[in-house]
Amino acid sequence: MIHRAATFLLTCALLTGMHCTTASLSAAEPATIVTFGDSTTATRGPLVVYSMILAKELPQQGVPVKVINAGIGGNTTQNAIARFEKDVLAKQPDLVVIQFGINDSAVDVWKDPPAKASRVSQKQYEANLRTLIDQLQQRDIKVILMTSNSLRWIPRIKKLYGKPPYDPDDPQGFNLFLKDYVQSVREIAREKQVPLVDIYAAFEEFDKQPDQSTDDLLLDGIHPNTAGQRKVADLLIPQIKKVLAAPQK
């Protein structure tokens, strides 16, 4: 696949002899972006999720796009592999934003008997991400990786997951396994040379500022609320503009 936005910029430069910038994208055919993830990506009742913000604000900034939200609640990277052809490749995207990890890393200690391992092992999680990226890169489809947002205890979640090896008395206790999966995403982004939007780090940095908390960005200890979705979009939009404007390798 030839990237539409990059093709437009190249054609513009060849025909006009001028340097064409992202502002020139307003005249281009809209680029198709698929946001591919779990329930933190999926639509959620009346909540304006980050994919909706992208669809509205990127065109306002001179970057015409069609955004397809392919987030499904409860999904792991195993589910992502299974539905990748139908939900992503069949949409003929120019760019895919990938964000999985919360469900992969979860250890379901609430079950009887309690689970003793994550739903998807860290090794398999890494292999699945590499498979998704490889298939996209082989088709000249651009990729942005996002880490999952960090989590916080609320009473309902603590009742389910506040058992060993999770520590319900540690404010970071629900991130026990997720933080390692997040590190895998960072390392794979470097390995595959794809842009990374580190949502986990951004939420944790927010938590360190005076008079604010990561809880302020979450609906229920897990899913970003309006402020959280806004933060995700604000971090993602500049990266999308940069990626779409870059020439295809």
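The values are calculated or read from the model by the stated rules, or taken from the named source; none is laboratory data. None of the values given here were measured: they were computed from a predicted structure. Using ideal geometry, Cβ is built from the backbone for each residue, glycine included, and neighbour counts are taken over all protein chains shown. In case anyone asks, the SASA skips ligands and DNA or RNA and just uses the protein heavy atoms, side chains included. Shrake-Rupley method; radii C 1.70, N 1.55, O 1.52, S 1.80 Å.
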With the Cα gyration tensor of the chain giving a ≥ b ≥ c as the square roots of its eigenvalues, does the rule (a/c under 1.5 for rounded; else a/b larger than b/c for prolate; else oblate) give rounded, prolate or oblate?
prolate
In what sequence, largest accessible area first, do M146, M52 appear using a 1.4 Å probe?
M52, M146
Once phi is turned into θ = phi - 60°, what whole-Hz ³J(HN,Hα) does the Karplus curve with 6.51, -1.76 and 1.60 give for every residue of the stretch 135-147, x standing for Gly and Pro?
5, 5, 5, 5, 9, 6, 9, 6, 9, 10, 9, 10, 6
For E204, what accessible surface area do you get with a 1.4 Å probe? Give it in Å², rounded to 10.
30 Å²
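Assign one of three labels to the stretch 39-86, namely rounded, prolate or oblate, based on the Cα gyration tensor with a ≥ b ≥ c the square roots of its eigenvalues; rounded applies when a/c is under 1.5, prolate when it is not and a/b is larger than b/c, and oblate otherwise. Present the calculation step by step, with values, prior to reporting the outcome.
Details: a/c = 3.73, a/b = 1.69, b/c = 2.21.
Oblate is the answer for the stretch 39-86, as a/c is 1.5 or above yet b/c matches or exceeds a/b.
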If each of E205 and L89 carries a label point 7 Å out from its Cα toward its Cβ, how far apart are those two points in nm?
3.6 nm
Figure the gain on full extension for W110 and R130 (residue separation times 0.36 nm, minus the Cα-Cα span) and round it to one decimal in nm.
4.2 nm
Excluding ligands and nucleic acids, what accessible area in Å² is computed for K86 using a 1.4 Å probe, to the nearest 10?
140 Å²
Within the set D220, D140, D170, GNM on the chain using Cα springs under 10 Å gives the largest fluctuation to D170
Tell me, what ³J(HN,Hα) does each residue in the stretch 87-94 have, in order and in whole Hz, if you take phi through Karplus 6.51 cos²θ - 1.76 cosθ + 1.60 with θ = phi - 60° and put x for Gly and Pro?
8, 10, 4, 5, 7, 6, x, 8
Based on alpha-carbon centroids, what's the gap between the stretch 196-249 and the stretch 83-131 in Å, whole number please?
20 Å
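Dividing the Cα convex hull volume of the stretch 83-151 by residue count, how many Å³ per residue is that? Please list the in-between numbers first.
Details: hull volume 6.8 nm³, N = 69.
Taking only Cα atoms, the stretch 83-151 has a hull volume of 98 Å³ per residue.
Cα gyration tensor of the stretch 167-249, axes a ≥ b ≥ c as square roots of the eigenvalues: rounded (a/c below 1.5), prolate (a/b > b/c) or oblate?
Working: a/c = 2.85, a/b = 1.54, b/c = 1.85.
Oblate, because a/c is 1.5 or more while a/b does not exceed b/c.
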Whole-Hz Karplus couplings 3J(HN,Hα) for the stretch 29-37, θ = phi - 60° and coefficients 6.51, -1.76, 1.60, Gly and Pro as x, run 4, x, 7, 8, 10, 10, 9, 10, x
